[in-house]
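Peer 1: This is the structure I have questions about; it appears just below.
The values are calculated or read from the model by the stated rules, or taken from the named source; none is laboratory data. Since the structure is predicted, the reported quantities are computational estimates derived from the model, not experimental observations. For neighbour counting, all protein chains shown are included, and Cβ atoms are generated from backbone atoms with ideal geometry for every residue, glycine included. Areas reflect the complete protein model, heavy atoms only, side chains present, ligands, DNA and RNA absent. Shrake-Rupley method; radii C 1.70, N 1.55, O 1.52, S 1.80 Å.
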Amino acid sequence: KQSVYRGAAIYRNESTDGGASFGPDIKLADHSCECCRIALAPEPGGSLAAMWRHVFEPNERDHAFALLGSGPSGTERATQDHWAVDGCPHHGPGLIPARSGGYHAVWFGVRDGVSAVRYGRLDTAGRAVGEVRPLPDTRAEHADLAGSGDALAIVWRSFDGQATVLRAWLSRDAGRSFRLRDLGRTEDDNDHPRVLVHQGRMFAVWRTRKEIRIEPLDP
């Protein structure tokens, strides 16, 4: 009897000539969640780290982590929400390197019956370390994050039933403490916000039907 294949496979490919050519497709892992975006972040060795929603046995949609170096790399379970759901939540994670080592991460999940976007730290191998904290907004969705030195910014959108609010959680001390800011509001259709760093400063980028908003994020 053929077993049921859970989720989809994750593959990697790379170019060493600026995108002019690529090597072979290499399978990174079986049983990823089908639709959530994959987060990529640079790692100190010059390669990349990946974090994605994974289908852990029997059917828990937590997140996995792997280094994308030239040699073989194992897959680490990065989050421990133990959310059993038979479907893809369409909520991919965010991942950036931490100045002190390891990574900052944000992700959406259900833990002990409570749904939330959460923030936590991962070590250099992708294992969770320290406290995991939900964002201070029960309606938070599609969070993104960026850092510059010890400054860290997490942005997300939040629908209150009438309008969508762009919000940010800002830290000056590498995520030990945060302050909350509202950045904008719209009743129009809008896209997922993103965070970018330009010349050491962080900015939120948010596209609505009428405009593309760029909001400075000074912690």
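Peer 1: Would you work out which of Y103, A151, V205 lies farthest towards the positive end of the dipole of the chain? Charges go on Cβ: Lys and Arg +1, Asp and Glu -1.
Peer 2: Toward the positive end, the furthest listed residue is A151.
Peer 1: Obtain the nm distance between the two label points defined at I212 and E187 by a simple spin-label model: each point lies 7 Å from its Cα along the Cα-to-C-beta direction.
Peer 2: Result for the modelled spin labels: 2.7 nm.
Peer 1: If you average the alpha carbon positions of the stretch 85-142 and of the stretch 150-198, how far apart do those two centres end up, in angstrom?
Peer 2: So the separation of the two Cα centres works out to 15 Å.
Peer 1: Given a Förster distance of 22 Å, report the FRET efficiency between Y11 and R194 from their Cβ-Cβ distance, rounded to the nearest 0.05.
Peer 2: According to the calculation, E is roughly 0.35.
Peer 1: Using 0.36 nm per residue of separation minus the Cα-Cα distance, give me the extension gain between R77 and D173 in nm, one decimal.
Peer 2: That works out to 31.9 nm of additional length.
Peer 1: Right, here's the next one. Per residue, how much accessible area does the stretch 53-131 show when a 1.4 Å probe rolls over the protein heavy atoms, in square angstrom?
Peer 2: That works out to 44 Å² for each residue.
Peer 1: Which length gain, in nm to one decimal place, applies between S21 and R37 when the Cα-Cα distance is subtracted from 0.36 nm times their residue separation? Walk me through the intermediate numbers first.
Peer 2: Numbers: separation 16, 0.36 × 16 = 5.76 nm, distance 2.39 nm.
3.4 nm is the gain from fully extending S21 to R37.
Peer 1: With the chain treated as a Gaussian network of Cα nodes joined by springs under 10 Å, which of L67, L48, L95 yields the largest mean-square fluctuation?
Peer 2: So, out of L67, L48, L95, the one fluctuating most is L48.
Peer 1: Gaussian network model of the chain, Cα springs within a sub-10 Å range: biggest mean-square fluctuation belongs to which of G113, G92, G126?
Peer 2: Greatest mean-square fluctuation among the candidates belongs to G113.
Peer 1: Residue separation times 0.36 nm, minus the C-alpha to C-alpha distance between L180 and L68: what's the value?
Peer 2: Working: separation 112, 0.36 × 112 = 40.32 nm, distance 3.41 nm.
Taking 0.36 nm per residue and subtracting the Cα distance, the gain is 36.9 nm.
Peer 1: From Cα pairs below 8 angstrom and at least 6 apart in sequence, can you work out the relative contact order of the stretch 171-219, rounded to a whole percent?
Peer 2: Relative contact order, the stretch 171-219: 29 percent.
Peer 1: Let me know the longest stretch in the chain that avoids all chymotrypsin sites (Phe, Trp or Tyr not before Pro) found in a DSSP loop with at most 15 other C-beta atoms within 10 Å.
Peer 2: 23-219
Peer 1: Tell me the label-point distance for the pair D30, D86, using the 7 Å Cα-to-Cβ offset, in nm and rounded to one decimal.
Peer 2: With each label point 7 Å from Cα toward Cβ, the separation is 2.1 nm.
Peer 1: Out of the GluC sites (Glu not before Pro) in the stretch 118-219, which ones are loop residues according to DSSP with at most 14 other C-beta atoms within 10 Å?
Peer 2: Hits after loop and neighbour filter: E187, E211.
Peer 1: Answer rounded, prolate or oblate for the stretch 135-219, using the Cα gyration tensor with square roots of eigenvalues a ≥ b ≥ c: rounded when a/c is under 1.5, else prolate when a/b is larger than b/c, else oblate.
Peer 2: Here the stretch 135-219 falls in the oblate category.
Peer 1: Sticking with this structure for a sec: Rounded to a whole number, what % of the accessible area of the chain do carbon and sulfur atoms account for, probe 1.4 Å? Each step should come with its number before you reach the end.
Peer 2: Values: 5520 of 11550 Å².
Summing carbon and sulfur atoms, their accessible area is 48 percent of the total for the chain.
Peer 1: Restricting to Cα pairs below 8 Å that are 6+ residues apart, what does the relative contact order work out to for the chain? Please round to a whole percent.
Peer 2: After rounding, I find 11 percent.
Peer 1: Anyone know which of G161, G200, G120 comes out most mobile in the 10 Å Cα GNM of the chain?
Peer 2: G161
Peer 1: Please state the shape class of the stretch 94-168: rounded when a/c is under 1.5, otherwise prolate if a/b exceeds b/c and oblate if not, all from the C-alpha gyration tensor. Write out the running numbers ahead of the final one.
Peer 2: Values: a/c = 3.04, a/b = 1.52, b/c = 2.01.
Here the stretch 94-168 falls in the oblate category.
Peer 1: Then there's this: Normalising by the residue count of the stretch 142-195, find the relative contact order in percent from Cα pairs under 8 Å and 6+ residues apart. Write out the running numbers ahead of the final one.
Peer 2: On the way: 116 pairs, mean separation 19.9, N = 54.
Reported relative contact order: 37 percent.
Peer 1: Which of [x] 48, 43, 38; [y] 45, 40, 32; [z] 52, 41, 37 is the computed Cα extents along the principal axes in Å for the structure on display?
Peer 2: Only one listed value fits the structure, namely [z].
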